[in-house]
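Asker: Have a look at this one before I ask anything.
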Amino acid sequence: MKVLEPKVGMLSNHEVLAHITAMKARYTELHHRVGGAHAMKAENLETVLKEVRDYLSHSPCALQTPKHISTFMAAMAPYALEKGELLQILNERPETIAELDCIIEEMEARFEEVKVQGILDVVNSTLPRRPKEMGEGEA
Amino acid sequence: MLSFFSDLVIVNPEDFSKQTVDALEDQINAKYADKVVYNIGLCICLFDIIKVSEGKVGHGSGSAHINVQFRLIVFRPFKGEVMTGRISSSSQNGINVRTEFFDEIFIPHTYLFDGMSFDLKENVWIWNNDGNQFYMDKNELIRFRIEDEVFEDQLPVTPHVQIDCMEIERKPPYRVIASAQQAGMGLVAWWEEEAEQR
């Protein structure tokens, strides 16, 4: 086993979720068509895919579509944000200035308050809100 | 993130009826899914196959040995990344956090807010802020920033050591150290209330 390049690219949570969903759909379809012999045999694969899917379906990316993402990226172009910061905003969907401050380094130095509010407005208008948490409302 | 791997994949004869691509994908996923690769991260699944060489059939077993280059989806948060998880347990040293698929996230007590104190009776950390007490209960959603990661090389244990101590303390292959010190970090519920008030 050889690692040719540890970091070839970054994936947003939404892309990972889309890939996993497509993979599961392909396996289910194959299973129906050909029978049990060709179904996903590896238990560790089933486990990790289920767990990742559970985690991602409770995160903001579950309700995003590629259109949301391209609108968001176009709207964010005027603000000079790093790739990692854009990725985090997409994955975490901050709703308050405090949350944005955690994601963007040196936010106060790089952007004045009007711009920061502008970024939050872009987030609110282009990205759907987080899915409601399952944990809330339980005793 | 995506990582580029190259590996020798062995396809057993009973899988020859499958499409080569499918058989390779199954073997790769079976080998790498939910496993930690040293200094890379937790492998989730195959993303795509880049290059496949000619398969050579080995003596004896009749399996095909194929050289494959492929990309894997790997979980490895970068330093400074902000994530959300649930508190699994607390101790005097700090707080253990888990996501659905990854358990080994730890926030040492030095990386918590300044006004935090540990309640021994209930085993929770409490944040004293302006006279308000905020409890960090189990299973609460908490936002944290990644500070560091620790990879442990898992060497196989020699047989005679294994016989002596039946219960060996194995360090997890991949641990993440996090912090919750800035405004906006800590329990998600604390900051949500603030947003609603505005």
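The values are calculated or read from the model by the stated rules, or taken from the named source; none is laboratory data. What you are looking at is a predicted structure, and each value in this text was computed from that prediction instead of being measured. FYI the Cβ positions are ideal-geometry reconstructions off the backbone, even for glycines, and counts take in every protein chain you see. Note: accessible area is taken over every heavy atom of the protein model, side chains too, but ligands, DNA and RNA are not part of it. Shrake-Rupley method; radii C 1.70, N 1.55, O 1.52, S 1.80 Å.
Asker: How many residues, within the range A:92-124, are in a helix (DSSP H, G or I), of a type outside the set (A, V, I, L, M, F, W, C), surrounded by fewer than 18 Cβ atoms within 10 Å (Cβ to Cβ) and more than 17 Å from the chain's Cα centre (by Cα)?
Answerer: Of the range A:92-124, the ones in a helix (DSSP H, G or I) are A:92, A:97-103, A:107-110, A:113-124.
Those left that are additionally of a type outside the set (A, V, I, L, M, F, W, C): A:92, A:99, A:101, A:108, A:110, A:113, A:115, A:117-118, A:121, A:124.
From what's left, surrounded by fewer than 18 Cβ atoms within 10 Å (Cβ to Cβ): A:108, A:110, A:113, A:115, A:117-118, A:121, A:124.
Subsequent filtering for residues that are more than 17 Å from the chain's Cα centre (by Cα) retains A:108, A:110, A:113, A:115, A:117-118, A:121.
Counting residues in the range A:92-124 that are in a helix (DSSP H, G or I), of a type outside the set (A, V, I, L, M, F, W, C), surrounded by fewer than 18 Cβ atoms within 10 Å (Cβ to Cβ) and more than 17 Å from the chain's Cα centre (by Cα) gives 7.
Asker: Here's another thing I want to ask about it. Of all helices (runs of 4 or more DSSP H) completely enclosed by the range A:1-91, which ones contain at least 2 residues that are modelled with pLDDT of 75 or more, open to solvent by 30 Å² or more (accessible area, probe 1.4 Å) and within 13 Å of chain B (Cβ to nearest Cβ)?
Answerer: A:13-34, A:43-57
Asker: Based on what the data block shows, is residue B:76 touching a Ser or Thr at 6+ places or on another chain (Cβ under 8 Å) and under 28 Å from residue A:98 (Cβ atoms)? So that I can check it myself, show each step before the final result.
Answerer: Details: touching a Ser or Thr at 6+ places or on another chain (Cβ under 8 Å): no; under 28 Å from residue A:98 (Cβ atoms): yes.
No.
Asker: Exactly one condition in (1) among the β-branched types (Val, Ile, Thr); (2) closer than 21 Å to residue A:91 by Cα; (3) in contact with a Leu (Cβ under 9 Å, 6 or more places away or on another chain) is false for residue B:82; which is it?
Answerer: (3)
Asker: On the given criteria, is residue A:98 aliphatic (A, V, I, L, M) and more than 11 Å from every other protein chain (Cβ to nearest Cβ)?
Answerer: In short, no.
Asker: Can you spot a residue in the range A:106-121 that is modelled with pLDDT of 75 or more, more than 9 Å from chain B (Cβ to nearest Cβ) and touching a Leu at 6+ places or on another chain (Cβ under 6 Å)?
Answerer: no
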